[in-house]
Amino acid sequence: MEKNKNVSVLFMLFSILFCVCLITANVLETKQIAIGSVNLTGGLLVFPVSYIINDCVCEVWGYRKTRLLIWMGFAMNAFFVIMGALCDAIPGAPYWHNQEGFHAVFGLAPRIACASFVAFLCGSFVNAYVMSRMKIADGGRRFSLRAIWSTVLGESADSIIFFPLALGGVVPMAELPKLMLWQVALKTLYEVVALPVTIRVVKALKRHEGEDVYDDGISYNVLKIFNL
């Protein structure tokens, strides 16, 4: 089925939610939380939602519009981080005494910021590519399987890149694999728990939009941003 090159209102709303999730995850990452005996970052509460949105968009509108979504999320997140860092660097007013708290949230170290950006791009594109290729191979069947597998591989790519780049030399090397495995396992569990809702959302989107894109013969070049 030949797809139009326009973007729908629903695609726009999903894009906004995607960007909000990424920015929110950045803020929540500054708090360490404990789930049972496992210590994690607060970003775990919302970051997996971006992968669920990635799955929905790729399933309904295809890889090309997912590629636009990913780069849009990257640009908005980068803008947020840069503006936060700029404001953090500007001296506070004499009567303002919250610099330490503000810095804890917005003073993201350049090393961590760069690691986060690279990991996000790689993980998101791996997720979208796996979703797209598995959909073609499965003839549109087994959405649940490709949603889970794309998350496992996407989150694995994200963790393999982020933790060594951001925390190598800070966290003992023996601990890094444990951190990576916990992140991938819990984020995948998040996807599995949300899967019944995701399936219903995808079905509703397909009905409303009249779209169910198969990415036959497209270019997976991540730089062809406006090739819709």
Can you give me the angle between helix 63-89 and the longest principal axis of the chain, using Cα atoms only, in degrees from 0 to 90, rounded to the nearest 10?
10
Just by accessible area at a 1.4 angstrom probe, what is the order of Tyr95, Tyr129 from largest to smallest?
Tyr95, Tyr129
Pairs of lysines 8 or more apart, or on different chains, with alpha carbons under 22 Å: count those in the chain, would you?
21
Per residue, what accessible area does the chain have, given a 1.4 Å probe and all protein chains present, in Å²?
52
Against the 2.2 N^0.38 Å scaling, with N counting residues, where does region 177-228 land? I'd like the Cα-based Rg ratio to two decimal places.
1.66
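Take every Cα-Cα pair in region 23-85 and report what % of them are more than 12 Å apart. Show your work: numbers first, answer last.
Working: 1424 of 1953 pairs.
Value for region 23-85 (Cα pairs over 12 Å): 73 percent.
Translational diffusion coefficient of the chain at 4 °C, 1.567 mPa s, Stokes-Einstein with Kirkwood Rh over Cα pairs, in µm²/s as a whole number. Kindly include the intermediate steps, with their values, before the conclusion.
Working: Rh = 18.5 Å.
Taking Rh from Cα pairs, D becomes 70 µm²/s.
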Rounded to a whole number, what % of the accessible area of the chain do carbon and sulfur atoms account for, probe 1.4 Å?
70
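In nm, what is the difference between 0.36 nm times the number of residues separating Thr41 and Leu181 and their Cα-Cα distance? Before the final figure, lay out each step's value.
Details: separation 140, 0.36 × 140 = 50.40 nm, distance 1.40 nm.
Result for the pair: 49.0 nm of gain on full extension.
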Under the Karplus relation 6.51 cos²θ - 1.76 cosθ + 1.60, θ = phi - 60°, what is the ordered set of whole-Hz ³J(HN,Hα) values for region 127-141, x standing for Gly and Pro?
4, 5, 5, 5, 4, 5, 5, 5, 5, 5, 5, 8, x, x, 8
Can you give me the solvent accessible area of Lys65 with a 1.4 Å probe, rounded to the nearest 10 Å²?
10
Given the whole protein assembly as supplied and a 1.4 Å probe, what does the accessible area of Lys203 come to in Å², nearest 10?
120
What per residue convex hull volume, in Å³, do the alpha-carbon atoms of region 84-205 yield?
154
List the residues, sorted by chain then number, that are 5 or more residues from Val38 or on another chain and whose placed amide H is less than 5 Å from its amide H.
none
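Can you tell me how much longer the chain between Ile16 and Met83 gets when fully stretched, taken as 0.36 nm per residue apart minus their C-alpha distance, in nm with one decimal? Walk me through the numbers before you get to the answer.
Details: separation 67, 0.36 × 67 = 24.12 nm, distance 1.87 nm.
Between Ile16 and Met83, full extension yields an extra 22.3 nm.
The values are calculated or read from the model by the stated rules, or taken from the named source; none is laboratory data. The structure presented is a predicted model; accordingly, all values stated were derived computationally and were not measured. Note: accessible area is taken over every heavy atom of the protein model, side chains too, but ligands, DNA and RNA are not part of it. Shrake-Rupley method; radii C 1.70, N 1.55, O 1.52, S 1.80 Å.
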